[in-house]
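See structure below.
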Amino acid sequence: MQTKDIKNFKMSDDVYKLRRKVIEHIYELRHLRLPRVQVRIGEARHSRALLGQASLKDRKVWITKAAINMGERVLRNVVFHELVHAIYGFNHDEKCPLMQAKLETILSKENCIEHFTRYHKKFN
């Protein structure tokens with residue numbers, strides 16, 4: 001599973017720990033019974049601003065180490081944003097703080113779940 005914008009890290013104990021942090025946020029949505037999503041961890045090849053990427057409706061997400069290092073709240077926002085792309089194929093919406101093209105608003109855990117749940121209900 002490759003993308004041109006993020007270079008995958010080879011799996012190691014350290015990378016596994018980073019991946020676990022992403023998966024813990026996915027588990028926060030387990031009550032919605034989401035489909036399995038493939039998760040890769042890596043680094044942006046060209047842009048330091050790139051925090052994550054998804055394959056639309058293909059259930060694949062890439063999260064950068066930079067996003068993980070920005071803390072739990074930022075990471076949750078990035079993971080939920082990429083999940084909307086990967087699961088529902090929905091693109092960006094500048095009116096929604098979760099789905100803006102650039103991470104401008106950092107939502108609380110409750111607000112992230114609320115916004116994600118709206119997309120889940122809309123597309124299911």
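Read-outs: derived from the displayed coordinates by stated rules, not from any lab. Predicted, not measured: the structure shown is a model, and the values here were computed from it. When we count neighbours, we look across all protein chains shown, and the Cβ atoms used for this are built from the backbone with ideal geometry, even at glycine.
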Derived scalar couplings ³J(HN,Hα) [segment 77-84; Karplus, 6.51 cos²θ - 1.76 cosθ + 1.60; whole Hz; x for Gly, Pro]: 4, 5, 4, 5, 4, 5, 5, 4
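Relative contact order, percent, of the chain when contacts are C-alpha pairs under 8 Å separated by at least 6 residues? Write down the numbers at each step before the final one.
On the way: 183 pairs, mean separation 26.3, N = 124.
With pairs under 8 Å counted, the relative contact order is 21 percent.
Round to the nearest 0.05 the FRET efficiency obtained for Arg118 and Glu24 when R0 = 25 Å and r is the Cβ-Cβ distance.
Efficiency, rounded to the nearest 0.05: 0.70.
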Fraction of antiparallel bridges per DSSP, the chain only, in percent to nearest 5: 60 percent
Residue-averaged [θ]222 nm for the chain, counting only DSSP H segments that reach four residues, each worth -39500 (n - 2.57): -11500 deg cm²/dmol
Amide hydrogen neighbours beyond the local backbone of Phe9, cut-off 5 Å, H modeled: Ile41, Gly42, Glu43
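What does the charge count around Lys102 come to, taking other residues whose C-beta lies under 13 Å from its C-beta (Lys +1, Arg +1, Asp -1, Glu -1)? Please report the intermediate quantities before stating the final value.
Numbers: positive: none; negative: Asp93, Glu94, Glu104.
Charge balance near Lys102 sits at -3.
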For segment 49-118: relative contact order, % (alpha-carbon pairs under 8 angstrom, 6 or more apart): 28 percent
Candidate lysines - alpha carbon under 24 Å from Lys17, same-chain residues fewer than 8 apart omitted: Lys4, Lys7, Lys60, Lys65, Lys109
Distance between modelled label sites at Leu56 and His92, nm, 7 Å Cα→Cβ extension: 1.3 nm
GNM flexibility winner over the chain from Arg30, Arg40, Arg59 (Cα, springs under 10 Å): Arg30
Structure-derived Rg/Rh (Cα atoms, Kirkwood Rh) - corresponding label in (i) 0.93; (ii) 0.95; (iii) 1.14: (i)
